[in-house]
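As structure tokens, the structure follows; a few thoughts come after it.
The values are calculated or read from the model by the stated rules, or taken from the named source; none is laboratory data. None of the values given here were measured: they were computed from a predicted structure. Reconstructed Cβ throughout: ideal geometry from the backbone, glycine too, with neighbour counts over all protein chains shown. Please note that ligands, DNA and RNA were not included when accessible areas were found on the heavy atoms of the full protein model with its side chains. Shrake-Rupley method; radii C 1.70, N 1.55, O 1.52, S 1.80 Å.
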Amino acid sequence: VRPSWDWQPADLRRLRYVYSVKKKVFDISEGYGGLSFLPQSFFLSVFLGEATRASLRARGGGRHKFFSANNEFGSQVTNLKNKSTRSTLTFLRKRQIFPSDHLRNVNSMGHMEQPGFVLSPAGQMASQHNLSGMVGFDVDVRNSVSSRPPYLNPSAPKTTMLEKYNLGDSLLGPLDVAILLQAGLTSAMKGSTVVQLNQRMLLDLIASQPKTFAVAVLAEIGAPGTRALSSALMALLELEQNSFTPVHRLDMHTLLESWLPGLKLPRREDYLAGGRWARQSYYEALQSVAKSVLEDAEIYLAFKSYIQRVRHNCENDPIPCAREVCNPLERQCYVSGQSDSDFSETSTSQLMESINSAKEYIKKADDRGRRAIANLPQKKTNTKELDECHTCVELYRDAFRACASVLELDPLAFQVDWFKEFYRRNYNALMVKSVHDNVRQNVDNAREWLDALRIGSQKTNKSNTQHCGGWKLSRDDEQVDDSFLTPTSLQVKRNVSSDVGEELRKVNVTPCQELSEQDLVDSIIDNIFFDFSEKEIIRKDPLVRFLISNAPGQYNFTIVSAMGVITEGKRGLELESSFKRLKEERGVDTIRSDTASVRSVEFNASKIEEATYAASLINKPFGFLGYSQGAANSFTCESLMRSGTPMQQALLNSTKNGLICRQLLFSAANGSIHGPATNAKIHKLFIMCEDAFKYQQGYFSRAFISTVLDMLNQVMDSAAFHKLVGGTQCFLPEGCNAFWRESQHFAHVPTTVMRGVLEDHTTPESLEMITNLLSKQSGSALHDSQVHVYDAVGHPVYIKNRNSCILEACDMGGAIHRTHHWSPLANEVEFVRTKKDVDQATFACAKDRHVFPWVDVNARFGIIHYVEEEHSNKQLPSFE
């Protein structure tokens with residue numbers, strides 16, 4: 001960081017002033033509009049005038065200037081003084097007596113020739129519409145050759161793309177101006193002189209900059225989506241200006257069209273009853289304009305990303321991969337940050353020896369394990385009581401240590417198929433062991449939950465005899481009829497009795513606490529996993545049968561959790577009991593990110609970043625645990641820190657307290673069909689309401705209709721509405737595309753996932769409607785009520801670029817569960833728990849399976865170390 005004494009005093013004052021202005025704008029962005037912020041406009045005007053004046057003063061000799069009696073730059077002022085010596089006050093008084101005389105004093109450039117008369121930049125551009133109809137004046141700035149952009153003007157000089165794009169030199173950036181404009185549009189005192197002057201100063205500031213600045217401002221307003229921009233355009237076009245004299249009022253349509261070449265802004269009166277476009281929708285026309293504006297703003301967004309973010313690689317750079325499979329001649333390209341000795345013949349041969357040794361250990365343990373589980377005496381004896389099983393467990397632990405040695409030599413080795421398969425087998429085995437331990441200890445009412453699952457599975461199997469307690473997912477484009485999975489098609493008779501034991505006897509099911517070890521393992525596999533093929537693979541795996549636990553000890557690890565779209569942040573209670581047990585057993589601390597409900601991914605990512613700084617104070621490596629939208633938030637945080645300042649990058653890639661693994665619970669990082677479906681419904685609702693207002697226009701006065709429309713604008717332009725739209729943007733395809741397109745993530749961080757599919761006996765009653773809704777909208781019932789099973793993975797599904805390939809290689813996967821999206825919740829959903837939910841124990845599940853298997857599998861392979869282990873201070877390489 002550059003010290004303060006290394007700056008020139010004037011530059012340092014300027015930087016501090018800019019920082020104070022930016023900070024003030026950020027404070028305003030957190031809350032504006034409505035009666036609760038009534039005095040905000042008055043405080044806003046205090047610094048807004050200085051900020052805009054400083055921006056215009058900095059611009060100096062630009063193409064737009066203010067002319068005044070004491071203007072010190074521009075020869076035009078001198079010429080004006082020579083023409084007349086009358087004061088400005090005299091001129092204004094005369095104009096009040098002879099209001100039409102001043103119209104004759106307009107020169108060919110559209111400026112008043114009277115001394116001291118001021119036409120602001122916005123006034124110069126917007127007044128052309130009024131001046132073009134006067135006698136002897138025929139100027140159309142928008143269509144003049146000199147004002148057309150270079151790409152629309154064939155006679156313009158050929159320039160490079162970099163020279164064409166000019167964002168201006170305003171002290172307030174596009175985001176700052178967008179926030180301040182929104183604050184004025186939602187003010188409860190839009191008719192006051194102060195608010196109108198504030199808006200005029202901002203419009204003058206925009207007009208004083210290149211047209212690309214105006215497009216950038218509109219792009220920032222429309223960052224939450226086209227709906228936010230269309231509502232802002234609706235309010236801007238109807239901007240109140242009654243504090244100004246008629247000649248100084250702006251034609252907002254002309255002003256906006258001058259900033260947006262090629263676009264025509266619709267006028268509301270044309271779409272009301274009796275207008276030329278009465279049969280069409282005014283809101284839909286604005287939506288179309290907003291969509292075009294955001295498409296034109298792609299250049300600005302790319303420029304903004306280029307300026308604010310560090311790009312470590314280009315799209316055509318090689319994708320990092322394990323040294324076992326990459327080309328030896330290109331290893332330096334694949335993995336940067338390592339010395340030549342890391343790729344020497346000795347190092348490579350040592351790595352290959354470790355890989356071969358690990359494969360041999362795995363094969364030996366599997367062969368011995370299969371023979372051991374085949375000889376289990378009727379599965380009535382615990383594996384811990386058999387010497388043969390003890391031998392197999394020791395062989396598997398040798399395989400674990402061998403794999404950990406491979407990762408020490410090549411941190412990307414987990415991406416190779418054989419390693420990834422073994423890793424996933426262990427993850428599924430630890431999942432079964434976690435549920436087994438919870439049932440034996442009856443943690444979180446796990447026995448009641450498992451028995452309820454078994455009862456529901458028995459009834460499901462009677463309705464469906466295709467497979468035993470599950471369904472085989474489609475493979476190789478095989479068409480599967482999954483309609484039987486919808487809750488409406490499985491009409492299971494509800495038993496109002498809460499006596500689970502009586503219900504078990506009715507369906508001839510033995511209570512889980514009476515089952516032997518292996519029978520309980522079989523019951524867990526049948527009832528918690530969904531895909532039949534995965535279920536059979538897990539059932540035959542010796543790793544699962546032996547219920548292997550990790551060595552006792554404390555983990556050198558911290559969890560940074562990011563919960564879903566509805567959360568209380570750091571005060572949340574999601575998975576509270578599991579985090580507490582993990583702390584007691586393994587010494588793992590959990591830091592909850594203070595994310596907010598229905599906020600943008602950028603806002604929540606900043607809160608997760610704050611949690612990572614808190615985690616760094618513990619001096620332990622950390623991992624991201626993202627639930628639902630929290631998965632997208634954690635991915636965004638990683639990307640922003642990865643492309644941020646050197647301090648942010650150093651924290652994320654530190655060996656002492658950096659990021660080492662990820663866990664995604666029912667990830668919504670690839671969006672949800674709820675997003676576009678709800679978006680289409682809201683759009684249709686607005687159009688229907690508009691048609692209803694048109695029909696009522698003959699029964700109500702124009703003043704009443706305007707009042708109703710102003711109230712709607714007030715709601716749609718409010719800070720709460722913009723936060724709501726921004727918070728749901730990640731569920732929309734355009735939001736996901738924008739997020740994944742610019743993301744940058746580490747290649748040495750493995751990602752595990754947990755995803756689920758609902759069935760009738762696992763569906764909470766409060767989710768039945770939304771479950772049927774998603775099934776109808778998506779055309780498939782393979783979802784958890786919020787996210788489709790094929791979208792809840794650890795990598796981008798609908799974007800294909802370099803970063804998506806990196807994340808796909810890091811995605812270790814996980815078996816599909818028979819559960820719902822609210823599986824991690826308990827106390828948070830108590831107010832919606834019904835008698836049916838209690839009978840089916842839909843919320844009383846084994847909570848530890850959401851956390852423990854993820855932590856244990858990474859500790860098993862040496863990604864998470866034990867506290868007592870000695871660590872080298874050698875910096876991990878940067879895997880570009």
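Computed quantities for the displayed model
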| read-out | value |
| --- | --- |
| Subset of region 802-835 (residues that are under 22 Å from Arg454 (Cβ atoms) and either open to solvent by 30 Å² or more (accessible area, probe 1.4 Å) or aromatic (Phe, Trp, Tyr) (or both)) | Trp822, Ala826, Arg833, Thr834, Lys835 |
| Residues of region 408-435 satisfying the condition of being of a type in the set (Asp, Glu) and part of a helix (DSSP H, G or I) | Glu408, Asp417, Glu421 |
| Some residue of region 765-775 being more than 30 Å from Ala404 (Cβ to Cβ), in contact with a Leu (Cβ under 6 Å, 6 or more places away or on another chain), small (Gly, Ala, Ser) and buried (at least 19 other Cβ atoms within 10 Å of the Cβ) | no |
| In region 600-613, the residues that are open to solvent by less than 50 Å² (accessible area, probe 1.4 Å), assigned to a helix (DSSP H, G or I) and more than 23 Å from Phe852 (Cβ to Cβ) | Val601, Phe603, Asn604, Ala605, Ser606, Lys607, Glu609 |
| Residue ranges of helices (runs of 4 or more DSSP H) in region 202-316 with at least 1 members polar (S, T, N, Q) | 211-221, 226-237, 252-259, 282-296, 298-308 |
| Failed condition for Lys433, given (1) basic (Lys, Arg); (2) out of contact with any Phe, Trp or Tyr (no Cβ under 9 Å at 6 or more places or on another chain); (3) farther than 27 Å from Val325 by Cβ | (2) |
| Close pairs (8 angstrom Cβ cut-off, 6 or more residues apart or separate chains): farther than 21 Å from Ala178 by Cβ in region 6-29, open to solvent by less than 70 Å² (accessible area, probe 1.4 Å) and part of a helix (DSSP H, G or I) anywhere | Leu12/Ser4 |
| Scope region 358-410; condition among the acidic types (Asp, Glu) and modelled with pLDDT under 90; matching residues | Glu385, Asp387, Glu388 |
| Failed item in (1) part of a loop (DSSP other than H, G, I, E, B); (2) surrounded by fewer than 15 Cβ atoms within 10 Å (Cβ to Cβ), with Lys580 passing the rest | (1) |
| Residue within region 635-642 that is in contact with a strand residue (DSSP E or B) (Cβ under 8 Å, 6 or more places away or on another chain), in contact (Cβ under 8 Å) with a residue 40 or more places away in the chain and aromatic (Phe, Trp, Tyr) present | yes |
| Residue match in region 529-552 (condition: part of a loop (DSSP other than H, G, I, E, B), within 29 Å of the chain's Cα centre (by Cα) and surrounded by 20 or more Cβ atoms within 10 Å (Cβ to Cβ)) | yes |
| Number of positions in region 355-401 that are open to solvent by less than 60 Å² (accessible area, probe 1.4 Å), in contact with an Asp or Glu (Cβ under 8 Å, 6 or more places away or on another chain) and farther than 17 Å from Leu547 by Cβ | 1 |
| Single match in Thr834, Thr819 (criterion: in contact (Cβ under 8 Å) with a residue 40 or more places away in the chain and over 29 Å from the mean Cα position of the chain (by Cα)) | Thr834 |
| Residue that is closer than 19 Å to Ser634 by Cα, of a type outside the set (Phe, Trp, Tyr) and over 16 Å from the mean Cα position of the chain (by Cα), where the choices are Ile806, Ile770 | Ile806 |
| Qualifying residue in region 184-200 (condition: buried (at least 23 other Cβ atoms within 10 Å of the Cβ), free of Cβ contacts under 8 Å to residues at least 60 places away in the same chain and not acidic (Asp, Glu)) | yes |
| Selection within region 580-593 - farther than 21 Å from Gly658 by Cβ and touching a residue at least 24 places away in the same chain (Cβ under 8 Å) | Arg581 |
| Residue in region 640-657 that is more than 15 Å from the chain's Cα centre (by Cα), within 19 Å of Asp589 (Cα to Cα), open to solvent by 10 Å² or more (accessible area, probe 1.4 Å) and among the hydroxyl-bearing types (Ser, Thr, Tyr) present | yes |
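The rows are residues; the columns are (1) open to solvent by 20 Å² or more (accessible area, probe 1.4 Å); (2) in contact with a Phe, Trp or Tyr (Cβ under 8 Å, 6 or more places away or on another chain); (3) assigned to a helix (DSSP H, G or I).
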position: Phe739; (1), (2), (3): yes, yes, yes
position: Arg755; (1), (2), (3): yes, yes, no
position: Leu758; (1), (2), (3): no, no, no
position: Gln777; (1), (2), (3): yes, no, yes
position: Gly794; (1), (2), (3): no, no, no
position: Lys800; (1), (2), (3): yes, no, no
